[in-house]
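S.K.: Below is a structure I'd like to ask you about.
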Amino acid sequence: MTSAATPEPHWSDVRHWMRPGTLSLPSLPPLSLYIHLPWCIKKCPYCDFNSHEWSATSQPGQALPEQAYLDALRADLTSALPLIWGRTVHSVFIGGGTPSLFSPEAIDRLLSDVRALVRLTPDAEITLEANPGTFEVDRFRAFAQAGITRLSIGVQSFNDAHLKALGRVHDRAQALAAVNEAAKSFDTFNLDIMYALPGQSMADCDTDIRTALGFAPPHISIYHLTLEPNTYFAKFPPVLPADDDAYAMLDRITERTAEAGLSRYEVSAYARDGHRCWHNLNYWGFGDYLGIGAGAHSKLSFAHRVMRQVRLREPRLYQNAAMAGDAVASTETVLRKDLPFEYMLNALRLREGFSLQDFCERTGLPLSSINAALQTAQDKGWLLVEGGRVVPTERGFDFLSDVQSLFLVD
Ligand code: SF4
């Protein structure tokens, strides 16, 4: 006689996640909501995000399926509610893709749906990613009126030749106009800038960063152009500045931003006082986030385990599945042995590091699980442990992946 295997419980069965386990989280971390809007005008050759060129998947002139996608997001969020029951959401980040392709009316409806379904703190930070295309810029003020509190603009560069090399659809004039408009419509905003671009010299990089700082932005995120697998650039790599030149560019950027009153509070993020991105700080602090939308990732904690989830990537499949009540592609419990490394991948990106208490509270692990690695990192001069905080040294910050790998367990 064969016995039937016990069926795996459905991911939304909260009793499955609440059952006893070997971790012990005394309280749950703050919760954020991420919403993915997956379409772009054109796919950039370096981009490995879950972004889809709208014109490649639609009939000529066809409008974005805003309402159908918003219906799917609402259904998706409704299905996920049992996992976050009773919890307050502290920030919302609408990313993509190019979310600013959605109309202000659609963003207004999206935020109304969110507010109807989850408890949002009254001062919640609500970020929207935007690109500097002309018709999107005309909408910035209306996005603010719809409830967006923070705009993050994908400027990348103010140099026409470099924008072209990056395959961006906007030019310098549009980038300047977008930042001007953002500064008028938002108290806080971010500029995404890239460096180590094809053909970029130190002088070009300096001009870009000076131009960006000329707008007195409250926040800048600076990214090194990297050739990610499965991108056009990975197949047809452009010639990039040498590593030493790229390091020198980053040093110059850090110097210029410091002169302008922005401090580097995370590997890629620079902010004026009071303008750090709450949403991203929650990620880096190993806080929780529910991700809805095509390909969105979630990390959610329960009293005795930490779970990760990914939604279906392809927008149409996602929409259909979400409307049918289940858009989740994969769900997994983070293994106890993997938690220290996962925590360090995030928390050590922060200039101010983390508190040992936060480590214990957010992983549910005792300090003994990282004591040996912490000692090795201190012996190498990579980390300082003082007053219950762990802070990367200058050297540790420069060799971050080596420091993080000390916390890997086979
Ligand atoms: S605009 Fe942004 S998300 Fe869209 S393809 Fe380019 S880099 Fe990717």
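The values are calculated or read from the model by the stated rules, or taken from the named source; none is laboratory data. Source: prediction; values computed, not measured. Please note: Cβ atoms are built from the backbone with ideal geometry, for glycine as well, and neighbour counts cover all protein chains shown. These area figures cover heavy atoms from the full protein model, side chains too; ligands, DNA and RNA do not enter into them. Shrake-Rupley method; radii C 1.70, N 1.55, O 1.52, S 1.80 Å.
S.K.: Short version: ³J(HN,Hα) in whole Hz for each residue of segment 167-177, in order, from phi by Karplus 6.51 cos²θ - 1.76 cosθ + 1.60 (θ = phi - 60°), x for Gly and Pro, what are they?
M.R.: x, 6, 8, 9, 10, 4, 4, 5, 5, 4, 5
S.K.: Further question on the same structure: Ratio of alpha-carbon Rg to the 2.2 N^0.38 Å globular estimate for segment 336-410, to two decimals, please.
M.R.: 0.96
S.K.: Let me ask something additional. Can you list the HN-Hα couplings for segment 201-214, worked out from phi with the Karplus curve (6.51, -1.76, 1.60; θ = phi - 60°), rounded to whole Hz and with x for Gly and Pro?
M.R.: 9, 4, 5, 4, 4, 4, 5, 4, 6, 5, 4, 4, 5, x
S.K.: Projected onto the charge dipole of segment 25-281 (+1 at Lys/Arg Cβ, -1 at Asp/Glu Cβ, origin at the Cα centre), which of L33, V118, L64 gives the Cα projection farthest towards the positive end?
M.R.: The residue sitting most towards the positive pole is V118.
S.K.: Hey, another quick one. Using a 1.4 angstrom probe on the protein heavy atoms only, line up C277, C44 by accessible area, largest first.
M.R.: The residues order as C44, C277, largest area first.
S.K.: I've got another one for you. If N is the number of residues in the chain, what value comes out of its Cα radius of gyration divided by 2.2 N^0.38 Å?
M.R.: On the way: Rg = 21.9 Å, N = 410, 2.2 N^0.38 = 21.6 Å.
Ratio of Cα Rg to 2.2 N^0.38 Å: 1.01.
S.K.: In segment 25-281, carbon and sulfur make up what percent of the accessible area (probe 1.4 Å)?
M.R.: Details: 5700 of 10750 Å².
Within segment 25-281, the accessible surface is 53 percent carbon and sulfur.
S.K.: Now a separate question. Compute all pairwise cysteine Cβ distances in the chain, then list the cysteines with no distance under 4.7 Å to another cysteine.
M.R.: C40, C205, C277, C360
S.K.: Express in whole angstrom the spacing between the alpha-carbon centres of segment 258-317 and segment 23-55.
M.R.: A separation of 9 Å, based on Cα centres.
S.K.: Placing +1 at every Lys and Arg Cβ and -1 at every Asp and Glu Cβ, with all other atoms neutral, what dipole size does segment 25-281 have around its Cα centre, in debye to the nearest 20? Working shown, then result.
M.R.: Details: 21 positive and 30 negative charges, 98 e Å.
Around 460 debye, computed over segment 25-281.
S.K.: Could you order the peptides 394-406, 347-359 from most to least packed, using the average number of other C-beta atoms within 10 Å per residue?
M.R.: Peptide ranking by packing, descending: 347-359, 394-406.
S.K.: Let me ask something else about it. What is the packing order of peptides 243-255, 89-101, 29-41, taking the mean over residues of other C-beta atoms within 10 Å and listing the highest first?
M.R.: Answer by packing, highest mean first, reads 89-101, 29-41, 243-255.
S.K.: Near the amide H of G291, under 5 Å away, which other amide H atoms are found, from residues 5 or more places off or on another chain, if H is placed in the peptide plane?
M.R.: Y34, S298, K299
S.K.: Next question, about the same structure. Could you tell me the number of lysine pairs in the chain with C-alpha atoms less than 21 Å from each other, where the two lysines are 8 or more residues apart or belong to different chains?
M.R.: Final tally of qualifying lysine pairs is 6.
S.K.: Of all DSSP beta bridges located in the chain, what percent are antiparallel, nearest 5?
M.R.: So the antiparallel bridges in the chain amount to around 40 percent.
S.K.: Still on this structure, please answer the following. For Q156, what residues show an amide H to amide H distance below 5 Å, using hydrogens built from the backbone and excluding near sequence neighbours?
M.R.: D192, I193, M194
S.K.: Provide Rg over Rh for segment 76-226; use the alpha carbon set for both Rg and the Kirkwood Rh (inverse mean inverse pair distance).
M.R.: Reported Rg/Rh, Kirkwood definition of Rh: 1.03.
S.K.: Now a separate question. Among A242, F140, S221, whose Cα projects farthest towards the positive end of the dipole of segment 100-244, with charges put on the beta-carbon of Lys, Arg (+1) and Asp, Glu (-1)?
M.R.: Checked the options; the winner is F140.
S.K.: Run a plain Debye calculation on segment 208-336 (Cα atoms as equal point scatterers, no solvent) and give log10 I(q)/I(0) at q = 0.11, 0.16 Å⁻¹, rounded to two decimals, same order as the q list.
M.R.: So the normalised log intensities are -0.65, -1.03.
S.K.: For the chain, what is the relative contact order in percent, using Cα pairs closer than 8 Å and at least 6 residues apart in sequence? List each step's numbers first, then the result.
M.R.: Working: 746 pairs, mean separation 77.7, N = 410.
Computed value for the chain: 19 percent relative contact order.
S.K.: Which of the listed residues, L163, P366, L356, is farthest toward the dipole's positive end in the chain, when Lys, Arg count +1 and Asp, Glu count -1 at the beta-carbon?
M.R.: The Cα lying farthest towards the positive end belongs to P366.
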